[in-house]
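Chemist: My structure is below; once you've seen it, I'll send some questions.
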Amino acid sequence: ELVSEARRWIGTNPTGMARLWCARFMNFVLARVGHRGTGSDLAMSFRHYGRRITGPQVGDIAVITRRGGGHVGVVSGFDARGNPIIISGNHGRRVGEGRYERARVVAYVTPS
């Protein structure tokens, strides 16, 4: 459900924001499928969202570290090494899909 909704926005920016909008996009996607979000524009706010999980699956939310802050998106798959493939906002200034090193993931969560 989250993956399908996030995927339909690939190549766009439905938030209208110019910078730092991955959390805004995650909250947007959650609202569109009937879940409450964090209400925050900070990616790291998702570390304390929903229910934390240790065995991530497609459709879960990944919170990732990056220089100067964080990043958040929906897990759409995994590569052969177990690195998550994530659909996220502000991926090259648009909604995009990309692989992230699993060592950078600080939390996997699922809406409760």
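Chemist: At a 1.4 Å probe, what is the % contribution of carbon and sulfur to the accessible area of the chain?
Modeler: Values: 2810 of 6100 Å².
Looking at the chain in its full context, I get 46 percent from C and S.
Chemist: Moving on to the next point. Using the Karplus curve 6.51 cos²θ - 1.76 cosθ + 1.60 with θ = phi - 60°, what ³J(HN,Hα) values do you get for each residue of region 106-112, in whole Hz, with x for Gly and Pro?
Modeler: 9, 6, 10, 9, 9, x, 9
Chemist: Let me ask you something else. Kirkwood Rh and Cα-based Rg: tell me the resulting Rg over Rh for the chain, rounded to two decimals. Numbers along the way, then the final one.
Modeler: On the way: Rg = 12.3 Å, Rh = 13.4 Å.
Radius of gyration over Kirkwood radius for the chain works out to 0.91.
Chemist: In debye, nearest 20: dipole of the chain around its Cα centre with unit charges on the Cβ of K, R (+) and D, E (-)? Write out the running numbers ahead of the final one.
Modeler: Working: 17 positive and 7 negative charges, 54 e Å.
That gives the chain a dipole magnitude of about 260 debye.
Chemist: Could you run the Karplus curve 6.51 cos²θ - 1.76 cosθ + 1.60 with θ = phi - 60° over region 30-42 and give me ³J(HN,Hα) per residue in whole Hz, x for Gly and Pro?
Modeler: 4, 4, 5, 9, x, 10, 7, x, 8, x, 10, 8, 9
Chemist: May I pose another question? By how many nm would the segment from THR65 to ALA103 grow when fully extended, if each residue of separation counts as 0.36 nm and the alpha-carbon distance is taken off? List each step's numbers first, then the result.
Modeler: Numbers: separation 38, 0.36 × 38 = 13.68 nm, distance 0.91 nm.
Stretched fully, the THR65-ALA103 segment lengthens by 12.8 nm.
Chemist: Largest first, how would THR15, THR65, THR54 line up by accessible area (1.4 Å probe)?
Modeler: Numbers: THR15 30, THR65 50, THR54 140 Å².
Accessible-area ranking of THR15, THR65, THR54, largest first: THR54, THR65, THR15.
Chemist: If I ignore ligands, DNA and RNA and count only protein heavy atoms, how much of ILE53 is accessible to a 1.4 Å probe, in Å² to the nearest 10?
Modeler: Estimated to the nearest 10 Å², ILE53 gives 30 Å².
Chemist: Once fully extended, how much extra length lies between ARG52 and ARG36, figured as 0.36 nm per residue of separation less the alpha-carbon to alpha-carbon distance?
Modeler: 4.2 nm
Chemist: Per residue, how much accessible area does region 16-96 show when a 1.4 Å probe rolls over the protein heavy atoms, in square angstrom? Write down the numbers at each step before the final one.
Modeler: Values: 4300 Å² over 81 residues.
The answer is 53 Å² per residue.
The values are calculated or read from the model by the stated rules, or taken from the named source; none is laboratory data. Here the structure is a predicted model, which means the values were calculated and not measured. We place every Cβ from the backbone using ideal geometry, glycine too, and count neighbours over all the protein chains shown. Heavy atoms of the whole protein, side chains included, go into the accessibility calculation; ligands, DNA and RNA do not. Shrake-Rupley method; radii C 1.70, N 1.55, O 1.52, S 1.80 Å.
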